[in-house]
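The values are calculated or read from the model by the stated rules, or taken from the named source; none is laboratory data. Predicted, not measured: the structure shown is a model, and the values here were computed from it. In this analysis, Cβ positions are derived from the backbone assuming ideal geometry, glycine residues included, and neighbour counts consider all displayed protein chains. Quick note on the areas: whole protein, heavy atoms, side chains included, nothing else; ligands and nucleic acids left out. Shrake-Rupley method; radii C 1.70, N 1.55, O 1.52, S 1.80 Å.
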Amino acid sequence: AMQFGKDAKSSIEVGCASDPFLKYLSWIDERTCVAPYFVDYDGKTKNDTTAAITRVTADFMKYELPNNEKFDLLICSQVLEHVPDPSSFMKKLIDTAKTSVISVPFDWGDCGKVCNHVTHHITYEVLSKWSAPHKPIYRAIVTEGKSAGSKSRRLIVVYKNE
């Protein structure tokens, strides 16, 4: 986010149902968090302790941009694998901002009810189909923690749409 959104004045995070990543982007004045619900990990409704973030409870596919203007930066982390129509969702993500940073689990198998994923085995080729005709300006596979197992890798892609 710092690399691709260092000059951003407005940002949106999609699917930030619990602790928003946006709270770390303090250089951005306008920060909006859109999710169908907001919960804490223990299942209780989370109180917003970060006054600088506007929380919008909405289905992102029905969400309309304020004043029909794109955000400078969009963050969407670990959401696409949960939605029933990831291609439409991905295109709307990219169309919502000038720069979009999107992360998905890289090539995870079916993790059952533990993670409630609708889509499994997401690769760069899968994301390319979902985002067509948009092409990313950056992509990387990152490994979390010390494990090199498939369930610790994430695919991060960045799109420009100005």
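In table form, for the structure just shown:
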| item | result |
| --- | --- |
| Positions within region 132-162 being in a loop (DSSP other than H, G, I, E, B), basic (Lys, Arg) and either surrounded by 11 or more Cβ atoms within 10 Å (Cβ to Cβ) or modelled with pLDDT of 95 or more (or both), in sequence order | Lys135 |
| Within region 6-24, tally of residues that are part of a strand (DSSP E or B) and either of a type in the set (D, E, K, R) or in contact with a Ser or Thr (Cβ under 6 Å, 6 or more places away or on another chain) (or both) | 2 |
| Residue match in region 77-86 (condition: at pLDDT 95 or above and touching a strand residue (DSSP E or B) at 6+ places or on another chain (Cβ under 8 Å)) | no |
| Subset tally (residues that are open to solvent by less than 70 Å² (accessible area, probe 1.4 Å) and not in a strand (DSSP E or B)) for region 25-41 | 5 |
| Matching residues, region 83-131, being assigned to a loop (DSSP other than H, G, I, E, B), of a type in the set (S, T, N, Q) and loosely packed, with under 14 Cβ neighbours inside 10 Å | Asn116, Thr123 |
